[in-house]
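**Q** Below you will find the structure I want to go over with you.
The values are calculated or read from the model by the stated rules, or taken from the named source; none is laboratory data. No experiment lies behind these values; they were computed from the predicted model shown. FYI the Cβ positions are ideal-geometry reconstructions off the backbone, even for glycines, and counts take in every protein chain you see.
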Amino acid sequence: MRLYKAPLWSLIILFGCYCQLWAAEKPAKAAIASAHPLATQAGHEILRKGGNAFDAAVAVTAVLAVVEPYSSGLGGGGFWLLHRSSDGFQTMLDGRERAPLAAHRDLYLDEQGEVVAQKSIDGALAAGIPGVPAALAHLTENYGKLPLAELLKPAIEIAEKGFAVDDYYRRMASWRLPVLQAHDASAVQFLLQGEVPPVGHLIKQPDLAATLKRLAERGVDGFYRGELAQRLVDGVRSAGGIWTLQDLRDYRVVERRPITGHYQGMRITSAAPPSSGGIAILTILNILQENNYAELSEPQKTHLLVEAMRRAYRDRAEYLGDPDYVQVPVEKLTHPLYGAGLARSIDMQRATPSPKQAERSTAEGQDTTHFSILDREGNRVAATLSINYPFGAGVVVPGTGVLLNDEMDDFSASPGVPNVYGLVGGEANAIEGGKRMLSSMTPTFVEDAHRIAILGTPGGSRIITMVLLGILEMANGRGPEAWVKLPRFHHQYLPDVIQIESDALNDQLISQLTEMGHNFKPLKNRYGNMQAVVWHKSTGQVEAASDPRGVGMAKIE
Ligand code: GLY
């Protein structure tokens, strides 16, 4: 009897240990942080139905495409950074828009060779070939567990029944009112009798619901071939665009190896080209590491950070573009020795002036969207999606509900001429038929000995530095609530100013930095809308936070 009992107790103890180990290897709960409560809820609904994080990402993407027409949509593109827990596989789905095949480097120049800025922002000529519908199908077929039709149901329902206008919607629609009014189908879909609708008004999008149903039934071909494709091409061309059926037929999602590197014991996994985000973040972190950033005084820290940003954005303009069209020196730019070389070029007492540049008022960074997902298996998704400027090009293609992006403005229309974010570029990001335009979208994972973080944000050219500041907060031991709230500052080489939120740097620090030769541009509005999830590996606990600047929701369940 005794002989029998002893092994039984051992077995019970062993089983207990195993359970504890198992619990620590998986999150105790799932978490979703997105820019809209309806999207977060839809993602959790899919998880409850047995879907994984990738299924939830499809539902969240589709709902955001319906309820945030000022940020993303079926007519736009994005990057989905994935981590599969079963084998640790990581990839980035590149669903970035491509230039139409008929596009060329002089597309937005007038007869004198000057850039006509509005042509790449408003109207159908500004639209790249969308990637979101293809990415939804790709994600479902290759990584999900549930059928696309099930995953698109929440979005279809909201498109049919409507979502309520809030103050944020009103602000974005007011900003883009003239272009929305100029296109009948846009005015019908997003305005009320030609004006910005009041809070509470329901935005119903029956044409968009029909397009989503077609995608649900026929998959990728439902959007890129057949009747809908014909309607899209006809609508774009009659509004002055240059899309062809071949453009749509040829569109492909590309899986790219994410950019990876280390900073102070943390492993960073981030967006690869055609995003500039991962490379720029690693360049900056390598510079900081070389100069012992964490040990410096506050003015020295801020000075170093700004100088590192300046150099990373200079390289962005010089080297980065679509890797299928240009040789991007990824190894060099992300190598610690390259960072060390850049660090040596920094005078720790003086700002390095950037060249003089023609001024252009820059966008305030309210465009684009991000969501972060962790499921109970430990699968993760960080996705940043865009139609570029709020409400994209402002054109809904009649009979489709599809709002066109104006992502073509992310190309360099002419060397050295700033785009809507004040970013400059050169040959690497010149316009070419079929090419993907350079992006700043930076969906990111950060892993240290105890935590795994999933984060990202919208905000145009400032996306990269927002994610960077979040990573530095994490290195300081702070949690996601702190990262999303953090007051922000930004430098992007050109224009030569530190852009600051009102409370980002105190007066004394500003005057110390001014003495060192830095220039400041206080911003009228706050910027960004960070969505972050953290999994504490040792305890299994999960945290999630949504930026108080937006109307999003972080939910753990
Ligand atoms: N359109 C914003 C970005 O891709 O950077």
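**Q** Show me the helices (runs of 4 or more DSSP H) found entirely inside the stretch 245-326 where at least 1 residues are closer than 17 Å to THR465 by Cα and among the charged types (D, E, K, R). I'd like the intermediate steps shown before the answer.
**A** Details: elements: 245-250, 277-290, 298-319.
Output list reads 298-319.
**Q** State all residues of the stretch 425-482 that are touching a Leu at 6+ places or on another chain (Cβ under 7 Å) and in a helix (DSSP H, G or I); if no residue qualifies, say none.
**A** Scanning the stretch 425-482 gives ALA428, ASN429, SER461, VAL467, LEU469, GLY470, GLU473.
**Q** Ok, one more. Checking the condition part of a helix (DSSP H, G or I), closer than 30 Å to ASN419 by Cα and touching a residue at least 12 places away in the same chain (Cβ under 8 Å), which residue from PRO154, PRO133 passes? Lay out the reasoning, then the answer.
**A** On the way: PRO154 fails: closer than 30 Å to ASN419 by Cα.
Sole residue among the options that is part of a helix (DSSP H, G or I), closer than 30 Å to ASN419 by Cα and touching a residue at least 12 places away in the same chain (Cβ under 8 Å): PRO133.
**Q** Could you grab me the full set of residues in the stretch 371-390 that are within 16 Å of the ligand (Cβ to nearest atom) and not in a loop (DSSP other than H, G, I, E, B)? Before you say what the answer is, go through the steps one by one.
**A** Within the stretch 371-390, the subset within 16 Å of the ligand (Cβ to nearest atom) is 371, 382-390.
If the condition is that a residue be within 16 Å of the ligand (Cβ to nearest atom) and not in a loop (DSSP other than H, G, I, E, B), then PHE371, ALA382, ALA383, THR384, LEU385, SER386 are the ones that fit.
**Q** With the structure loaded, tell me whether SER186 is surrounded by fewer than 20 Cβ atoms within 10 Å (Cβ to Cβ) and within 24 Å of LEU125 (Cα to Cα) or whether it fails that test.
**A** On the way: surrounded by fewer than 20 Cβ atoms within 10 Å (Cβ to Cβ): no; within 24 Å of LEU125 (Cα to Cα): yes.
Spelling it out, it is not the case that SER186 is surrounded by fewer than 20 Cβ atoms within 10 Å (Cβ to Cβ) and within 24 Å of LEU125 (Cα to Cα).
**Q** From TYR319, TYR313, TYR338, grab the single residue that is crowded, with 17+ Cβ neighbours inside 10 Å and more than 25 Å from the chain's Cα centre (by Cα).
**A** On the way: TYR319 fails: more than 25 Å from the chain's Cα centre (by Cα); TYR313 fails: more than 25 Å from the chain's Cα centre (by Cα).
Unique residue meeting the criteria: TYR338.
**Q** Now for a separate question. Being touching a helix residue (DSSP H, G or I) at 6+ places or on another chain (Cβ under 6 Å), buried (at least 22 other Cβ atoms within 10 Å of the Cβ) and under 21 Å from GLY113 (Cβ atoms) is the filter here, so list the residues in the stretch 414-459 that pass it.
**A** Hits for the stretch 414-459 are ASN419, LEU423, VAL424, GLY425, MET437.
**Q** Tell me whether the stretch 345-363 contains one or more residues that are modelled with pLDDT of 95 or more and of a type in the set (D, E, K, R).
**A** Within the stretch 345-363 (the criterion being modelled with pLDDT of 95 or more and of a type in the set (D, E, K, R)), the answer is yes, since at least one residue qualifies.
**Q** Which of the residues spanning the stretch 51-104 are over 17 Å from the mean Cα position of the chain (by Cα) and among the aromatic types (Phe, Trp, Tyr)?
**A** Result: PHE89, single match.
**Q** Among the candidates GLY235, GLY240, which residue alone is touching a residue at least 24 places away in the same chain (Cβ under 8 Å) and part of a loop (DSSP other than H, G, I, E, B)?
**A** Working: GLY235 fails: part of a loop (DSSP other than H, G, I, E, B).
Of GLY235, GLY240, the one residue that is touching a residue at least 24 places away in the same chain (Cβ under 8 Å) and part of a loop (DSSP other than H, G, I, E, B) is GLY240.
**Q** Mind checking whether some residue in the stretch 357-369 is among the hydrophobic types (A, V, I, L, M, F, W, C) and within 24 Å of GLU255 (Cα to Cα)?
**A** Here is the first cut: in the stretch 357-369, the residues among the hydrophobic types (A, V, I, L, M, F, W, C) are 358, 363.
Narrowing further to those that are within 24 Å of GLU255 (Cα to Cα): none.
Within the stretch 357-369, not a single residue is among the hydrophobic types (A, V, I, L, M, F, W, C) and within 24 Å of GLU255 (Cα to Cα).
**Q** Within the stretch 460-496, take every residue that is among the small types (Gly, Ala, Ser) and modelled with pLDDT of 95 or more and give me the one that is surrounded by the fewest Cβ atoms within 10 Å (Cβ to Cβ). Lay out the reasoning, then the answer.
**A** Applying the first criterion (among the small types (Gly, Ala, Ser)) to the stretch 460-496 yields 460-461, 470, 475, 477, 479, 482.
Then drop every residue that is not modelled with pLDDT of 95 or more, which leaves 470, 475, 477, 479, 482.
Values: GLY470: 27, ALA475: 18, GLY477: 10, GLY479: 16, ALA482: 15.
Per the stated criteria, the residue is GLY477.
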